[in-house]
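Enquirer: Encoded as structure tokens, here's the structure I'll be asking about.
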Amino acid sequence: MSLLNNNLKALQAVSGLSAEKLAETLGAREPVRGFVTASVWNSDTERRKEALLKLNPAGVIAGLKALVTLTGAQGAVIVTPVEGVEDALLNAANEAELTLCIEKKAELVKFDHRDDLLVALDEAAALAETLCGLTPGVLLAVDDGELWEVPAKTKVTDVISVPFKAVLTDHRFWSPAELADMTVGKLRSKSGVLRVLTDRDCLADRAKKEIRILREKSCGRCTFCREGLFQLSAIAEDLTTGRLKPQALDLAKELTDAMRIATNCSLGEDAGCPVASLLSAFPQEVEAHARRKECPAGVCAAFTTFYIDPNKCVGSRECVKVCPANAIEAKPGYTSMIESFDCTKCGACLTACAQNAIVRVSGRARIPEKPARLKGVAVEAAVEEEGPARREGAGKRKRSFARPAGASAPAASKEEAASAPAPVETPVPAAAETAVTDVSNLAPASERVIRSENSGKRKRNYAKPVKSE
């Protein structure tokens, strides 16, 4: 196995082989009117396998030469944005007498290669291995580790050395039960990168990030890919913020099924995998977010609450120093309190407290409503120089809210009251001096209304009817 080594032996061997000889080793292939086009899959957003163009250009060219001979294609095309590989690829193509074109593009547009045979770079290198009588392996990388080659019969669980909750590859989540007896050859990972997720990782949040990555890579030509990713992005956002409606899960299932068959490239086919695999393999994760409104991993901020355990807090106020939002209130002689209204849930206070008094919970929790007095500390003696231990504005803040219409103005301070001019008194005429100038328009005695003077809320008194004599 030498997929990651420059296979000069295969390059020399393929030059003199006919289609019949190649078919004995590699099998027959359907005729192709266009070219043999090699690239990484569009859904491979990791693009780690493009390293073959630098590490094994001879093997890639040898595999393409074999396919061109078997299919009768006009030549070969390599689509890649990688710089600095042109000379090695063109020199190998000249040695193999292969017509080669290199397109400097980040993505392979399938519409431009409708008459071509599309192959992955590692598939071409594997054909070169087979020409040399070797059994090609599978290229893998765990998380951000180096790309390496393992036998195809290796179990997936054998290459992962830590306990895991899920494995993410090609934007799809795999559960431990699904991977129990699966080999890397059967897994057929297009990217070859296995992302190991533990109990500290939230699968719903990770699905939202995968959808965002796919939306950035999508060209937007396919309606189901473009609109489907938009809808799935909104569903994933609602799932992680507690706003998901029950019928949205049914919509997500319909979208992912349609996107798999109604799109025109590997990115569109795999675009629904993050949500589809989450719904099928991890229903308990979806249930926790959608029904119970909690995040098992404690990652989703919408379900997370921070508070200070009064039994552990010693009043050191180290948490106050690191809080970027000034959301922690500290009073000498008392335990500190986190103001949930201002807390941004950044988690900076978790590592600052030496007593581990900061508690992070997901879902419902019983949070102390007021600070507790520190044990063995007199409040009067606890007052000390504030200094840098207390951030400006970290004390109890006064919030000003908009005054409703018609509300009275706030009371003036003593200085404002002393400087304000005295009110001018306006004489009010006595009731007896009030004269009625026109009595013709007065209502009957039974309907007259007598209003009391100086009354804020008007009181209506109705006169009794006059009895006739």
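Enquirer: Please work out if residue 263 is polar (S, T, N, Q), over 14 Å from residue 204 (Cα atoms) and part of a loop (DSSP other than H, G, I, E, B).
Expert: yes
Enquirer: Being surrounded by fewer than 24 Cβ atoms within 10 Å (Cβ to Cβ), under 37 Å from the mean Cα position of the chain (by Cα) and among the aliphatic types (A, V, I, L, M) narrows it down to one residue among 88, 51; which is it?
Expert: Only one candidate qualifies: 51.
Enquirer: While we're looking at this one, here's another question. Which residue, of 191, 218, is more than 18 Å from residue 289 (Cα to Cα), in contact with a strand residue (DSSP E or B) (Cβ under 7 Å, 6 or more places away or on another chain) and touching a residue at least 40 places away in the same chain (Cβ under 8 Å)?
Expert: 191
Enquirer: Going through the range 333-377 one residue at a time, which ones are touching a Gly at 6+ places or on another chain (Cβ under 7 Å) and surrounded by fewer than 16 Cβ atoms within 10 Å (Cβ to Cβ)?
Expert: Within the range 333-377, 360, 373, 377 meet the criteria.
Enquirer: Here's something else I'd like to know. Only one residue in 86, 30, 97, 107 is among the charged types (D, E, K, R) and out of contact with any helix residue (DSSP H, G or I) (no Cβ under 9 Å at 6 or more places or on another chain), so which one is that?
Expert: The match here is 86.
Enquirer: Of the numbered conditions (1) surrounded by fewer than 16 Cβ atoms within 10 Å (Cβ to Cβ); (2) without any contact (Cβ under 8 Å) to a residue 60 or more places away in the chain, residue 304 satisfies every one except a single condition; which is it?
Expert: Just one mismatch for residue 304, condition (1).
Enquirer: Separate question: Of these, 115, 44, which one is among the acidic types (Asp, Glu) and crowded, with 23+ Cβ neighbours inside 10 Å?
Expert: Result of the check over 115, 44: 44.
Enquirer: Assuming residue 295 fulfils every condition listed in (1) more than 20 Å from residue 360 (Cα to Cα); (2) of a type outside the set (S, T, N, Q); (3) not in a helix (DSSP H, G or I) apart from one, which condition is it?
Expert: Result: residue 295 fails condition (1) only.
Enquirer: For the range 140-196, which positions are among the aromatic types (Phe, Trp, Tyr) and under 25 Å from residue 275 (Cβ atoms)?
Expert: 164, 173, 174
Enquirer: Also, quick follow-up: Exactly one of these conditions fails for residue 191: (1) under 18 Å from the mean Cα position of the chain (by Cα); (2) in a loop (DSSP other than H, G, I, E, B). Give me its number.
Expert: It fails just one condition, (1).
Enquirer: Shifting gears a bit: Applying the selection to the range 1-26, what residues are in a loop (DSSP other than H, G, I, E, B) and within 45 Å of the chain's Cα centre (by Cα)?
Expert: Listed by number, the residues that qualify are 1, 2, 3, 4, 5, 6, 7.
Enquirer: Further question on the same structure: Inside the range 175-202, can you point out the residues that are within 18 Å of residue 299 (Cα to Cα) and β-branched (Val, Ile, Thr)?
Expert: The answer is 196, 198.
No value in this document is a laboratory result; all are computed from the given coordinates. Given the structure is predicted, the values throughout are model-derived calculations rather than measurements. As a convention, Cβ positions derive from the backbone with ideal geometry for all residues, glycine included, and neighbour counts pool all protein chains shown.
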